[in-house]
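The values are calculated or read from the model by the stated rules, or taken from the named source; none is laboratory data. Here the structure is a predicted model, which is why all the values come from computation and not from measurement. Note: ideal-geometry Cβ built from the backbone for every residue, glycine included; neighbour counts use all protein chains shown. What goes into the accessible areas is simple: the full protein's heavy atoms, side chains included, and nothing from ligands, DNA or RNA. Shrake-Rupley method; radii C 1.70, N 1.55, O 1.52, S 1.80 Å.
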Amino acid sequence: MKLEDLKGKIEIDVEGSLARFAGMESMYIKFLKKLPEDENYQKLKEAVDGQDNEEIEVSAHTLKGISGNLGLTGIYDKSSRIVSAVREHREQEIPGLMEELSAEMEKACELIRAL
């Protein structure tokens, strides 16, 4: 699979990301491939299960930053919505938002592993 093949399969801004990586596709792919091993998603899942709002906010915010830098707009949007739900005391929305994030994250990681 090639980088361009990700478009249309997941929400991703390849062009914007390549610009942030000075056009170095191999470096961009190297950092994309680190996402499936990143511990913040697992920490977020555990925090949601434990209803630990402080850790939910920290982990979701970190995942938001990572996904934003990588141009993974779907993951960025969904993790951002979780951060907002915590900050705005809308905790009842978090499980549903987490389901959406999990679906996007699993799909993205599967495709990234195939690069």
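Applying the condition of being of a type outside the set (Gly, Ala, Ser), assigned to a loop (DSSP other than H, G, I, E, B) and open to solvent by 80 Å² or more (accessible area, probe 1.4 Å) to the range 1-13 and asking which residue is modelled with the lowest pLDDT yields MET1. Within the range 40-96, the set of residues being more than 19 Å from ARG20 (Cα to Cα), assigned to a loop (DSSP other than H, G, I, E, B) and within 16 Å of the chain's Cα centre (by Cα) is empty. Could you please let me know if LEU35 is farther than 16 Å from LEU111 by Cβ and open to solvent by less than 40 Å² (accessible area, probe 1.4 Å)? Taking the combined requirement at face value, the residue does not satisfy it.
GLU110 fulfils the conditions (1) farther than 25 Å from PHE21 by Cβ; (2) open to solvent by 60 Å² or more (accessible area, probe 1.4 Å); (3) part of a helix (DSSP H, G or I) except for a single criterion, (1). For the range 14-32, a residue qualifies if it is among the hydroxyl-bearing types (Ser, Thr, Tyr) and surrounded by fewer than 16 Cβ atoms within 10 Å (Cβ to Cβ), and exactly one does: SER26.
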